[in-house]
1. Does THR13 count as out of contact with any strand residue (DSSP E or B) (no Cβ under 9 Å at 6 or more places or on another chain), of a type in the set (S, T, N, Q) and under 17 Å from ASN126 (Cα atoms)?
2. Can you name the condition, by its number, that ILE102 falls short on among (1) open to solvent by 30 Å² or more (accessible area, probe 1.4 Å); (2) of a type in the set (A, V, I, L, M, F, W, C); (3) in contact (Cβ under 8 Å) with a residue 12 or more places away in the chain?
3. Can you confirm whether the range 116-128 contains a residue that is open to solvent by 50 Å² or more (accessible area, probe 1.4 Å), assigned to a strand (DSSP E or B), modelled with pLDDT of 90 or more and closer than 27 Å to SER20 by Cα?
4. Kindly indicate whether any position in the range 55-75 is β-branched (Val, Ile, Thr), in a strand (DSSP E or B), open to solvent by less than 90 Å² (accessible area, probe 1.4 Å) and touching a Leu at 6+ places or on another chain (Cβ under 6 Å).
5. Conditions first: (1) touching a residue at least 24 places away in the same chain (Cβ under 8 Å); (2) surrounded by 14 or more Cβ atoms within 10 Å (Cβ to Cβ). ASP42 passes all but one, so which condition is the exception?
6. Select, from PHE49, PHE85, the only residue that is part of a strand (DSSP E or B), without any contact (Cβ under 8 Å) to a residue 40 or more places away in the chain, surrounded by 13 or more Cβ atoms within 10 Å (Cβ to Cβ) and within 20 Å of the chain's Cα centre (by Cα).
7. Determine, yes or no, whether LEU99 is at pLDDT below 95 and not acidic (Asp, Glu).
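The values are calculated or read from the model by the stated rules, or taken from the named source; none is laboratory data. These figures come from a predicted structure and were not determined experimentally. Note: ideal-geometry Cβ built from the backbone for every residue, glycine included; neighbour counts use all protein chains shown. Note: areas computed on protein heavy atoms with side chains; ligands, DNA, RNA excluded. Shrake-Rupley method; radii C 1.70, N 1.55, O 1.52, S 1.80 Å.
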Amino acid sequence: MPREIKFRGKQKTWIYGGISVFNNEATIFDKDCVANSAYEVDINSIGQFTGFYDKKQIDIYENDIVRYNHSTSKFSVSFTALVIFEKGVFGLYWERDMLGKIERNFEPLSKIDLRFLKIIGNTYDNNQLIKK
């Protein structure tokens, strides 16, 4: 089944649906194109639905900030990442300090065990979350 193509953008609240961008202005409209359903949104807030869901079955969008946390008796993996589109796929981007050298990581969402992934915010509403 093909992935649903939809976007979100922020006006006073988040608006979800199709998108139109013209002359550096963005409009989100509902999928049925009903009259009076177009909303101008901040172009900097736009993110595309990735086709994936976090552990609570919430849609994951481009520019979401997520927390991955998986622990067993043998290992523990925990990091905060940004959802981006790179190399033709949506994935997670994060950095970590490895003995004074910054290591940059990118992993496609299709290779992530989403049972351990939780959306904690987005870059538009709370950019400082990515610093944690």
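1. yes
2. Every condition holds for ILE102 apart from (3).
3. Scanning the range 116-128 turns up no residue that is open to solvent by 50 Å² or more (accessible area, probe 1.4 Å), assigned to a strand (DSSP E or B), modelled with pLDDT of 90 or more and closer than 27 Å to SER20 by Cα.
4. Yes, the range 55-75 contains at least one residue that is β-branched (Val, Ile, Thr), in a strand (DSSP E or B), open to solvent by less than 90 Å² (accessible area, probe 1.4 Å) and touching a Leu at 6+ places or on another chain (Cβ under 6 Å).
5. (2)
6. Answer to the check: PHE85.
7. So LEU99 fits the description; yes.
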